[in-house]
Amino acid sequence: GAVVSQHPSWVICKSGTSVKIECRSLDFQATTMFWYRQFPKQSLMLMATSNEGSKATYEQGVEKDKFLINHASLTLSTLTVTSAHPEDSSFYICSATGQGGQPQHFGDGTRLSIL
Amino acid sequence: AQSVTQPDIHITVSEGASLELRCNYSYGATPYLFWYVQSPGQGLQLLLKYFSGDTLVQGIKGFEAEFKRSQSSFNLRKPSVHWSDAAEYFCAVGSDSWGKLQFGAGTQVVVTP
């Protein structure tokens, strides 16, 4: 149980385009979802926390207009990287908690490469 | 503010040998503690968690961890490692059941034949 699916797993696109990443909880209702960014050989950096039906709470230093997060349902959250540039290339991971709270269940991540 | 320290960036262990990964945390109250494992290019898989109760917790894949309040530690152990245990291991701490986690820097485990 507690499966989180993330799509796509890998995306390559040109600089200036927008990219949407989906995070779905397949077998539970995700009241809270988290979006992380991970640089090579580094730990996870929390970008934002989103609760279903509410605006996301962004961590300090994360551009809200660059990284748009939508959590419109209890099973789906999306992260849109707008006008992506090479410096946005990274590994993005989502996680979700159900109504009982912890632990967080993680998706398999999305590797984003901006050319 | 809470923090998590994993002192060992890299550990090499022989297959069949025991493994211990260290994790120290800084937090005022009793934290929610987790160990996750990440294979290359993958997301994180929960190995085990501690919220309260018995301080020795059992997890998946033969792992266990012990919460020691006096040492502010939550070390992960496995009696006999398998080649498939080669991965990155993250310790994480949370302040409550709902909030965000603080992750350690991670420990990369290499398993040699």
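The values are calculated or read from the model by the stated rules, or taken from the named source; none is laboratory data. Please read all numbers here as calculations on a predicted model, not as lab measurements. Please note: Cβ atoms are built from the backbone with ideal geometry, for glycine as well, and neighbour counts cover all protein chains shown. In case anyone asks, the SASA skips ligands and DNA or RNA and just uses the protein heavy atoms, side chains included. Shrake-Rupley method; radii C 1.70, N 1.55, O 1.52, S 1.80 Å.
So here's what we get for this one:
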read-out: Cβ-Cβ FRET estimate between A:L115 and A:A72, R0 fixed at 25 Å, reported to 0.05; value: 0.25
read-out: Per-residue ³J(HN,Hα) for segment A:46-51, Karplus 6.51 cos²θ - 1.76 cosθ + 1.60, θ = phi - 60°, Hz, x for Gly and Pro; value: 5, 9, 6, 10, 10, 10
read-out: Accessible area (Å², per residue) of chain A, counting only protein heavy atoms and a probe of 1.4 Å; value: 48 Å²
read-out: Dipole of chain A, positive direction: furthest Cα of A:I69, A:I114, A:W10, with charges on the beta-carbon; value: A:I114
read-out: Globularity ratio of segment B:1-80, using Cα Rg and 2.2 N^0.38 Å; value: 1.11
read-out: Kirkwood Rh, angstrom, the protein assembly as shown [1 / mean 1/r, Cα pairs]; value: 18.1 Å
read-out: Eligible lysines near B:K49 by straight Cα distance, threshold 16 Å, same-chain separation 8 or greater; value: B:K61, B:K68, B:K78, B:K100
read-out: Heavy-atom accessible surface of the protein assembly as shown: percent carbon and sulfur, 1.4 Å; value: 50 percent
read-out: Accessible area in square angstrom per residue, segment B:1-67, 1.4 angstrom probe; value: 49 Å²
read-out: Cysteines in the protein assembly as shown that, by Cβ-Cβ distance, have no pairing candidate under 4.7 Å; value: A:C13
read-out: Solvent exposure, largest accessible area first (probe 1.4 Å, DNA, RNA and ligands not counted), of A:D27, B:D54, A:D88; value: B:D54, A:D27, A:D88
read-out: Per-residue ³J(HN,Hα) for segment A:57-63, Karplus 6.51 cos²θ - 1.76 cosθ + 1.60, θ = phi - 60°, Hz, x for Gly and Pro; value: 9, 8, 6, 4, x, 8, 6
read-out: Alpha-carbon Debye profile of chain A, log10 I(q)/I(0) at 0.14 Å⁻¹; value: -0.51
read-out: Qualifying aspartates and glutamates (Cα of each under 13 Å from Cα of A:K55; at least 8 residues distant if same chain); value: A:D65
read-out: Aspartates and glutamates with Cα under 15 Å of A:K64, excluding same-chain neighbours fewer than 8 positions away; value: A:D88
read-out: Using θ = phi - 60° and Karplus 6.51 cos²θ - 1.76 cosθ + 1.60, couplings along segment B:17-34 (whole Hz; Gly, Pro as x); value: 7, 7, 9, 9, 10, 8, 8, 10, 10, 10, 6, x, 9, 6, x, 8, 10, 9
read-out: Unit Cα scatterers, Debye sum, segment B:49-113: log10 I(q)/I(0) for q = 0.16, 0.27 Å⁻¹; value: -0.63, -1.36
read-out: Accessible area that becomes buried as B packs against A, both chains, 1.4 Å probe, Å², nearest 100; value: 1600 Å²
read-out: Rounded accessible area of A:E63 (nearest 10 Å², 1.4 Å probe); value: 110 Å²
read-out: Estimated distance in nm for a label pair at A:Q60 and B:D96, the labels positioned 7 Å out from Cα along Cα-to-Cβ; value: 2.1 nm
